[in-house]
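Below you'll find the structure, written out as structure tokens, and then a few comments.
The values are calculated or read from the model by the stated rules, or taken from the named source; none is laboratory data. Since we're looking at a predicted model, the values are computed, not measured. Methodologically, a virtual Cβ is constructed for each residue, glycine included, from the backbone with ideal geometry; neighbour enumeration extends over all protein chains shown. The accessibility values were calculated without ligands, DNA or RNA, using every heavy atom of the protein model including side chains. Shrake-Rupley method; radii C 1.70, N 1.55, O 1.52, S 1.80 Å.
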Amino acid sequence: MSDNVLGQITEEVERSIAPVYQHIEQISLLNHQKVLDSFHEARVSEYHLKGSTGYGYGDAGREAVEKVFASVFRTEAALVRGQIASGTHAIALCLFGVLRPGDGLLSITGRPYDTLEEVIGIRGSAHGSLRELGVSFKQVNLLADGSFDIEGIKQCIGEKTRMVMIQRSRGYDWRSAIDIAKIEEVCQIIKSIKEGAVVFVDNCYGEFVEEREPIEAGADLSAGSLIKNMGGGIAPTGGYVVGHASLVDMAANRLTAPGIGGRVGATLEFNRWFLQGIFLAPHVVSEALKGAVFAAALFEKLGYQVSPGFSDKRSDIIQGIRFGSAEEMVAFCRGLQKGSPLDGHITPEPAPMPGYDDQVVMAGGTFVAGSTIELSADGPLREPFAIYMQGGLSKEYIKLGVMSAAKECISVNKEKQIFGRI
Ligand SMILES: *Cc1c(COP(=O)(O)O)cnc(C)c1O
């Protein structure tokens, strides 16, 4: 296919996605307003940008950061720390903080995210898993149409069920994200069966995609990573936990130690990065969404199966693209890598990853190592050979990366229908 033909297809794509962009901008404006109001409510001032050292007692900047997060998530409390190493760590704090021996954990979005399998103890033999501590686990799969299996949930919530876990984003599964309206509906059902159950939402990749967040929909506790949506591409590391004060306290006691909880923890240079990060996050998320929509429309036109479709409702920033083979997955990553600002000259190869069962191929040359709010793509080398692309700090950079990926895919698969069409 000549560059000219790809250029023509791209123009068609851009015309068809214009109304979707408009919708993304409307939500983005509401989220910008929400963040700005939260800064004002917390009376964020210049001195809050400075950090503490040592124990970090009385760190006003840290308190301002956590007030802003609590306010943005419309909840009582937040724990926002550079000492939280990743999204997995933030989620583990919620699980280990709240669950006690004899308690039951129920996932109602099926198989948990790969790295959580070892945390829960349903894969591998890592010491200190929930299972080793006597916490039992059950899962109810989503129905074929991606909705909750309400009957299954009703049957599985029992005497021991202390926490019900929802993964908002698709993760590495070929399914839609769970939108906030669905979370709201299922929260009501869970509470009607068992009022005291803690509803926990893994919010990774979902923040600022809709107008509302999980706590507003009835969840009790939620967590995510700062090198995804909430860090706005600025935060160099970290994670967050938000929700009811007593539950966030339990997570904080797990992060540091019972008794000192969230009242210690030096912030070094983090306060500035976290504040600037959340300030930019609504915009960065909207750019990432626009890039994902572009990729969906382009790859669909090229004959690939995509999820979500370009005009489908979204509740996370992930774009799934299905390939016929591992070879094409690697080709996509090779092309996307060429669109990265750093390591653009490197060729991605599949490799084993800690926390993951299958080999993983990934692309991304990011300013923050491993950041997935910057343009990146990855996927485990297993059926259905799907790549999950996400992030990008500007829609223009995403477009360049996606075009480069499309060229690589086209060159390894000359059989695509598109060639018959033109
Ligand atoms: C990324 C992610 C995690 C884990 O976060 P890490 O920062 O990679 O440890 C958990 N759940 C979901 C849905 C994710 O997307």
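How many residues does the stretch 371-394 hold that are in contact with a strand residue (DSSP E or B) (Cβ under 8 Å, 6 or more places away or on another chain) and either more than 16 Å from the ligand (Cβ to nearest atom) or open to solvent by 50 Å² or more (accessible area, probe 1.4 Å) (or both)?
Total meeting the criteria: 3.
For residue 129, state whether it is open to solvent by less than 50 Å² (accessible area, probe 1.4 Å), away from the ligand (no atom under 16 Å from the Cβ) and not hydrophobic (A, V, I, L, M, F, W, C).
It is false that residue 129 is open to solvent by less than 50 Å² (accessible area, probe 1.4 Å), away from the ligand (no atom under 16 Å from the Cβ) and not hydrophobic (A, V, I, L, M, F, W, C).
For (1) within 16 Å of the ligand (Cβ to nearest atom); (2) modelled with pLDDT under 95, each residue gets a yes or a no:
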{"position": "267", "(1), (2)": "no, no"}
{"position": "270", "(1), (2)": "no, no"}
{"position": "278", "(1), (2)": "no, no"}
{"position": "297", "(1), (2)": "no, no"}
{"position": "300", "(1), (2)": "no, no"}
{"position": "303", "(1), (2)": "no, yes"}
{"position": "309", "(1), (2)": "no, no"}
{"position": "318", "(1), (2)": "yes, no"}
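Report yes if residue 402 is closer than 30 Å to residue 212 by Cβ, assigned to a helix (DSSP H, G or I) and either open to solvent by less than 60 Å² (accessible area, probe 1.4 Å) or within 16 Å of the ligand (Cβ to nearest atom) (or both), otherwise no.
Yes: the conditions hold for residue 402.
I'm trying to understand the selection: among the residues of the stretch 309-322, which are over 22 Å from residue 8 (Cβ atoms) and open to solvent by less than 10 Å² (accessible area, probe 1.4 Å)?
315, 316, 317, 318, 319, 320
Considering the stretch 33-84 alone, what residues qualify as being under 22 Å from residue 201 (Cβ atoms) and either touching a Cys at 6+ places or on another chain (Cβ under 6 Å) or among the aliphatic types (A, V, I, L, M) (or both)?
Those that are under 22 Å from residue 201 (Cβ atoms) and either touching a Cys at 6+ places or on another chain (Cβ under 6 Å) or among the aliphatic types (A, V, I, L, M) (or both): 35, 65, 68, 70, 72, 77, 78, 79, 80, 84.
Out of the residues in the stretch 143-175 that are touching a Ser or Thr at 6+ places or on another chain (Cβ under 7 Å) and open to solvent by 30 Å² or more (accessible area, probe 1.4 Å), state the one that is nearest to the ligand (Cβ to nearest atom).
The selected residue is 174.
So which pairs qualify, if the first residue must be in the stretch 172-187 and without any contact (Cβ under 8 Å) to a residue 40 or more places away in the chain, the second must be part of a helix (DSSP H, G or I) and not hydrophobic (A, V, I, L, M, F, W, C), the Cβ gap must be under 7 Å, and the two must be at least 6 apart or on different chains?
Every condition considered, the pairs that remain are 183/214.
So which of 82, 7, 87, 56 is within 30 Å of residue 404 (Cβ to Cβ), out of contact with any Lys or Arg (no Cβ under 6 Å at 6 or more places or on another chain) and in the same structural domain as residue 252 (by TED's automatic domain parsing)?
Among 82, 7, 87, 56, only 87 is within 30 Å of residue 404 (Cβ to Cβ), out of contact with any Lys or Arg (no Cβ under 6 Å at 6 or more places or on another chain) and in the same structural domain as residue 252 (by TED's automatic domain parsing).
For the stretch 164-216, which positions are among the hydroxyl-bearing types (Ser, Thr, Tyr) and at pLDDT 95 or above?
Result: 169, 192, 205.
Let me spell it out: the conditions are (1) in contact (Cβ under 8 Å) with a residue 12 or more places away in the chain; (2) open to solvent by 10 Å² or more (accessible area, probe 1.4 Å); (3) within 30 Å of residue 186 (Cβ to Cβ); (4) not charged (D, E, K, R), and residue 231 meets all of them except one. Which number is the exception?
Failing condition for residue 231: (2).
Would a scan of the stretch 106-115 turn up a residue that is open to solvent by less than 40 Å² (accessible area, probe 1.4 Å), within 16 Å of the ligand (Cβ to nearest atom), under 22 Å from the mean Cα position of the chain (by Cα) and among the acidic types (Asp, Glu)?
Yes, there is a match, as at least one residue in the stretch 106-115 is open to solvent by less than 40 Å² (accessible area, probe 1.4 Å), within 16 Å of the ligand (Cβ to nearest atom), under 22 Å from the mean Cα position of the chain (by Cα) and among the acidic types (Asp, Glu).
Restricting the search to the stretch 195-228, which residues are among the acidic types (Asp, Glu), open to solvent by 10 Å² or more (accessible area, probe 1.4 Å) and within 18 Å of residue 32 (Cα to Cα)?
210, 211, 216
Applying the selection to the stretch 340-362, what residues are under 18 Å from the mean Cα position of the chain (by Cα) and either assigned to a loop (DSSP other than H, G, I, E, B) or touching a residue at least 40 places away in the same chain (Cβ under 8 Å) (or both)?
355, 356, listed by residue number.
Residues that are away from the ligand (no atom under 16 Å from the Cβ): list the helices (runs of 4 or more DSSP H) wholly contained in the stretch 1-99 that include at least 3 such residues.
Qualifying helices (runs of 4 or more DSSP H): 3-41, 60-72.
Given the criteria among the acidic types (Asp, Glu), in contact with an Asp or Glu (Cβ under 9 Å, 6 or more places away or on another chain) and within 27 Å of residue 379 (Cα to Cα), does residue 114 qualify?
yes
Residue 120 versus (1) closer than 22 Å to residue 215 by Cβ; (2) touching a Leu at 6+ places or on another chain (Cβ under 6 Å): which is the lone unmet condition?
Tallying (1) closer than 22 Å to residue 215 by Cβ; (2) touching a Leu at 6+ places or on another chain (Cβ under 6 Å), residue 120 fails exactly one: (1).
Do we have any residue at all in the stretch 327-340 that's modelled with pLDDT of 95 or more and farther than 16 Å from residue 407 by Cβ?
No, the stretch 327-340 contains no residue that is modelled with pLDDT of 95 or more and farther than 16 Å from residue 407 by Cβ.
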